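Undergrad: Below are the structure tokens for one structure; questions will follow.
The values are calculated or read from the model by the stated rules, or taken from the named source; none is laboratory data. Since the model is a prediction, treat every value here as computed from it, not as a measurement. We place every Cβ from the backbone using ideal geometry, glycine too, and count neighbours over all the protein chains shown.
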């Protein structure tokens, strides 16, 4: 299982990288951490004619808290760097809790935040997390720069809104509201595997009334799914057992997941409801803690 | 015989090279001018090959050759069966390359040879094959209809069929107060040694001699096959066994590549290396298990078993491989297990489908039959309201009944006879270890979101398959003793265990011994390593050879000293007067070596301090044991967590408890993975869907529970001088049964009936859902 | 396409200058170009961990890395763990605990453990179990490997 032949470039800076992308576009694949791309290339499932290795772009490696409280993460930041960041541990608990769920340490040592997001595997944690955060992505080409909202970014199975000549350069995570209650959970066949079903929940309470809720599922379709109907049902109501059960029921009912080798659509529907229920309980508990403080 | 070493947990002597990166696996062997091969494999399950165009491939710089059937036609013949040649199977054999038709995804069609593996794979991309795709048959049920024929010339997909008939089955079912009939399915899976297959072949055209690195498991047998294929005398073929990264029954049989790679080396006059990649391995190396069985049990109301009858079907794949019908035949052969079941009838069928061929995997057929039988026993227990352990104790064969004659389980074979064993004791020890008395109160209980279950699996397993094994012990100067064995080593630690046996038998320090294995040049004959025969057959051959050498030493020493050999003994490498414990030695072994030289005048025997011995056996000796597991099942996600696993195994006499303990833990872990995670899945049109480790899931450290292994030596074998029984395969065979019983017990309140494997999240949840829908 | 790229890489303390094709994986580079065959290839898609080595202090899958990506890097493979004539405490512990049978996965486990113990010098059993969950062993069932790592940890701390 050796890769097919390709032309290789290792640009030294971002403008060089963008020039190469402009030149080769469709024929090229960007090599970041390589943890998603290399297996595909070794299996010859991906056969790019050109590989643009952005490993030398140190300008894309940063975790920068901004003055408005947002967190700006350079696309080439290694997952392990985020995992080990004391600041992230302190200030961004959901991010801190999700990264260790990604595969295994050896993968996270090389894998990048941007790489995972651009690869857009529907069973991966980071795309779903970015949707739950309502994060924004800065995307650049040699000719312009734009910002894409995460909700507009994931178009289908491993397909994103990135044009062939564009590079994801930054992920901006909105300021973390300390009143958020949160939970992340997944069912996988072994620890570290891609999720059969995964859920991320963010929830804010005001006197035990649910002010805002976000429920995102992954592993259940072509892209992360935001369960808006369930979110709406929860908003404005008491965050009690009845509401949780109802929200979970809506999640299960609304979902139209795929069947595959590892789990049937029915399984995913049911377990999505189960995980939503468990995660809502956990998130509400955290939200209550947060409002006390 | 002194026993300093046998029975001691000696650390492995071979470990250092593996730990320091200096081991030599086949891909680590490099010879000058080596070329690399890659195999073009069928991407269709069933198709006619209309044309193969190789011009574009040959035009790629660095590509040396592309070999198709045309090139091998003058030598090609079907790969023969070496065991379990059930009548009829010989019609379904595989040629080393596809001729006109392909019958499974992964079937070799062509071989590309190039300067690097990278370029060889580029060549594969450029070979243009035109297929006429045919409908594929992918299930035994479908295949039985004989609408789509895998081998049209034979007119049927039912390749072989025979029946076992012991006792009076009709009477058993007439007399029964209770009967239960079920259908069971054991899933297709395989061993996945971490090292894939590989061969490096080098042909010396000047001398007409072929050297092949990589063969293992049954090198002498495979060399004979290759000799026949190439019309090259065996003495001119040298098989060298390098370090081997596991086998589990899968690696080491004669596969198409075992012909193709040597052929390529001869054709091209240059060494050719082929290293299988993982994707290839999953589709081309033998698959196993894949058994479907309708079974029915008859019993008295008090739980006494009266009869067992079954129809068993093995999904053999597109071609019959070197072990013939071993999987379904072995499943049928020990279906009754270690129990007293007076009447037993089983119809065994081998069915062809468009899948990869079926071959051995650790305890072939036994994992399957243990699952079928132990599940039935638990069903009987539940229906008759008897505790599952009690039911087993009631029906297990007692030590007083040994040797126990089960009967003839394959036509033309001698009857299966369990030689020795205390089966109830093994069960009791396992129950005691897990604390069954207390623990059974948690059966089916819901605690903190999970249902708890305890499952039991008892088993018996043939080991020590003969008919012979060969060993040679040779003493040379420099305190150097060589032990040559006809066994192969795939990680079992023969370099240590065989040295232990030789050291104790001969009476020398173990540090002086080096064990050589696997190469066909060492010994004229060898049976290889499989069927848990290593310790029994190889160990006893070493014992006999070492005995002979000791006898020689004492005879020659006696001649020199003017003493009778019976007044001498060899201890710790020194010749002593017998009984003279405290006196100085009379001679050292080192002193005796020149006395045995061809020029010596005091040697009444043949020159040399060496002996070649054969241990012959037509009997199988039976290892047995019991597994018990405690699981917790999450009913909402279907996740099965194994909390504790106890494995009791009686090997009669244990040569190295450290190594056997390792085999037990490793085997149980492998079996747990196979039972919960592994599955070779085909699509409706015969595409193998599980072609990478993303989809074929192996157990990792977080899946394996605490495993408590107990080694018993209650029933030494009466069938060999060392009293040993084998201990490699049985360690995983009861895992399917044990975990299935545990899950069934956990989910008893749902009325879930476990008759299929694997116990995946999805399947467990589906069972619960179906029961909930009913209510 | 078969254009070569120059790389300078330090492996086990020795610096090599080589010219490689872009598509050559680091695993193949180590094994074939540098004749360091201690690192093994088990799956070539990043799951089994047999190819694990240390790169710039981190444990990585060499089958998922291109040799060209290592230009200017410091690597360590299993051949670099032991001092000459003396086994590293991890290697000794593996032998003591019978933490290898066929030995094919062993270099990958040793490298994973080596890096892990540097980062977590006093791990719990659960931490060790998790740390090695990205390496596959078909023979031992992992328990002896976990024990070996726990046994080596205090010895490495005191060294």
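Undergrad: Filtering the range B:18-29 down to residues that are in contact (Cβ under 8 Å) with a residue 24 or more places away in the chain and either in contact with a helix residue (DSSP H, G or I) (Cβ under 6 Å, 6 or more places away or on another chain) or part of a loop (DSSP other than H, G, I, E, B) (or both), which residue is nearest to residue B:256 (Cα to Cα)?
TA: B:29
Undergrad: Additional query: For the structure I just gave you, tell me whether residue A:15 is touching a helix residue (DSSP H, G or I) at 6+ places or on another chain (Cβ under 8 Å), more than 30 Å from residue B:57 (Cα to Cα) and away from chain C (no Cβ under 12 Å).
TA: In short, no.
Undergrad: For the subset of the range C:1-45 comprising residues that are more than 22 Å from residue B:18 (Cβ to Cβ) and without any contact (Cβ under 8 Å) to a residue 12 or more places away in the chain, which member is farthest from the other protein chains (Cβ to nearest Cβ)?
TA: Once the filter is applied, the top-ranked residue is C:15.
Undergrad: With respect to residue C:134, is the statement that it is in a loop (DSSP other than H, G, I, E, B), in contact (Cβ under 8 Å) with a residue 12 or more places away in the chain, in the same structural domain as residue C:49 (by TED's automatic domain parsing) and in contact with a strand residue (DSSP E or B) (Cβ under 9 Å, 6 or more places away or on another chain) true?
TA: no
Undergrad: For the subset of the range B:759-774 comprising residues that are touching a strand residue (DSSP E or B) at 6+ places or on another chain (Cβ under 8 Å) and surrounded by 23 or more Cβ atoms within 10 Å (Cβ to Cβ), which member is nearest to the other protein chains (Cβ to nearest Cβ)?
TA: B:761
Undergrad: Continuing with the same structure: In this structure, is residue A:275 within 12 Å of chain B (Cβ to nearest Cβ) and at pLDDT below 95?
TA: For residue A:275, the condition - within 12 Å of chain B (Cβ to nearest Cβ) and at pLDDT below 95 - is not met.
Undergrad: For residue A:93, all conditions in the list (1) under 16 Å from the mean Cα position of the chain (by Cα); (2) under 16 Å from residue A:176 (Cβ atoms); (3) without any contact (Cβ under 8 Å) to a residue 40 or more places away in the chain hold save one; what is the number of the exception?
TA: Result: residue A:93 fails condition (3) only.
Undergrad: Name every residue in the range B:724-761 that is part of a helix (DSSP H, G or I) and more than 29 Å from the chain's Cα centre (by Cα), in order of residue number.
TA: Correct list: B:745, B:746, B:748, B:749, B:750.
Undergrad: Related question: Which of (1) out of contact with any strand residue (DSSP E or B) (no Cβ under 9 Å at 6 or more places or on another chain); (2) surrounded by fewer than 22 Cβ atoms within 10 Å (Cβ to Cβ); (3) farther than 30 Å from residue B:126 by Cβ does residue A:87 not meet, given it meets every other one?
TA: (1)
Undergrad: From the list C:43, C:48, C:102, which one is assigned by TED's automatic domain parsing to the domain that holds residue C:151 and either outside any helix (DSSP H, G or I) or surrounded by fewer than 22 Cβ atoms within 10 Å (Cβ to Cβ) (or both)?
TA: Only one candidate qualifies: C:102.
Undergrad: Now for a separate question. Go through the range B:570-588 and give me each residue that's surrounded by fewer than 19 Cβ atoms within 10 Å (Cβ to Cβ) and touching a residue at least 60 places away in the same chain (Cβ under 8 Å).
TA: B:571, B:572 - these are the residues of the range B:570-588 that are surrounded by fewer than 19 Cβ atoms within 10 Å (Cβ to Cβ) and touching a residue at least 60 places away in the same chain (Cβ under 8 Å).
Undergrad: Still on this structure, please answer the following. Taking the criterion of being free of Cβ contacts under 8 Å to residues at least 40 places away in the same chain, more than 14 Å from chain C (Cβ to nearest Cβ), farther than 29 Å from residue B:465 by Cα and touching a strand residue (DSSP E or B) at 6+ places or on another chain (Cβ under 8 Å), would at least one residue in the range B:688-700 satisfy it?
TA: yes
Undergrad: Also, I was wondering about something else. Would you pick out the residues in the range A:30-47 that are surrounded by fewer than 21 Cβ atoms within 10 Å (Cβ to Cβ) and either without any contact (Cβ under 8 Å) to a residue 12 or more places away in the chain or away from every other protein chain (no Cβ under 11 Å) (or both)?
TA: Result: A:40, A:45, A:46.
Undergrad: Taking the range B:41-62 on its own, how many of its residues are surrounded by 15 or more Cβ atoms within 10 Å (Cβ to Cβ), within 14 Å of chain C (Cβ to nearest Cβ) and out of contact with any strand residue (DSSP E or B) (no Cβ under 6 Å at 6 or more places or on another chain)?
TA: Residues meeting the conditions: 1.
Undergrad: Moving on. Consider residue A:60 carefully, then state whether it is closer than 22 Å to residue C:70 by Cα, out of contact with any helix residue (DSSP H, G or I) (no Cβ under 6 Å at 6 or more places or on another chain) and crowded, with 20+ Cβ neighbours inside 10 Å.
TA: In short, yes.
Undergrad: Quick test of your reading of the structure: residue C:133 fulfils all but one of (1) buried (at least 24 other Cβ atoms within 10 Å of the Cβ); (2) within 19 Å of residue B:195 (Cα to Cα). Name the failing condition by number.
TA: (1)
Undergrad: Kindly establish whether residue B:690 is in the same structural domain as residue B:435 (by TED's automatic domain parsing) and either surrounded by fewer than 22 Cβ atoms within 10 Å (Cβ to Cβ) or out of contact with any helix residue (DSSP H, G or I) (no Cβ under 6 Å at 6 or more places or on another chain) (or both).
TA: yes
Let's see how each residue does on (1) within 26 Å of residue B:247 (Cβ to Cβ); (2) within 13 Å of chain C (Cβ to nearest Cβ):
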{"residue": "B:9", "(1), (2)": "yes, yes"}
{"residue": "B:34", "(1), (2)": "yes, yes"}
{"residue": "B:39", "(1), (2)": "yes, no"}
{"residue": "B:75", "(1), (2)": "no, no"}
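Undergrad: Something else about it: In the range B:709-723, what count of residues is obtained for those that are away from chain C (no Cβ under 14 Å) and not in a loop (DSSP other than H, G, I, E, B)?
TA: The number of residues fulfilling the criteria is 2.
Undergrad: Right, next: Look at the range C:105-127 and say how many of its residues are outside any helix (DSSP H, G or I), more than 10 Å from chain B (Cβ to nearest Cβ) and within 15 Å of the chain's Cα centre (by Cα).
TA: Total satisfying the criteria: 0.
Undergrad: Only residues that are closer than 20 Å to residue B:118 by Cα and part of a strand (DSSP E or B): list them for the range C:8-40, please.
TA: C:18, C:19, C:20, C:21, C:25 - these are the residues of the range C:8-40 that are closer than 20 Å to residue B:118 by Cα and part of a strand (DSSP E or B).
Undergrad: Let me ask another. Looking for something part of a strand (DSSP E or B) and within 14 Å of chain B (Cβ to nearest Cβ) - is there at least one such residue anywhere in the range A:177-185?
TA: There is at least one residue in the range A:177-185 that is part of a strand (DSSP E or B) and within 14 Å of chain B (Cβ to nearest Cβ).
Undergrad: Something else: Go through the range C:64-92 residue by residue and tally those that are more than 10 Å from chain B (Cβ to nearest Cβ) and in contact with a helix residue (DSSP H, G or I) (Cβ under 7 Å, 6 or more places away or on another chain).
TA: Of the residues in that region, 6 qualify.
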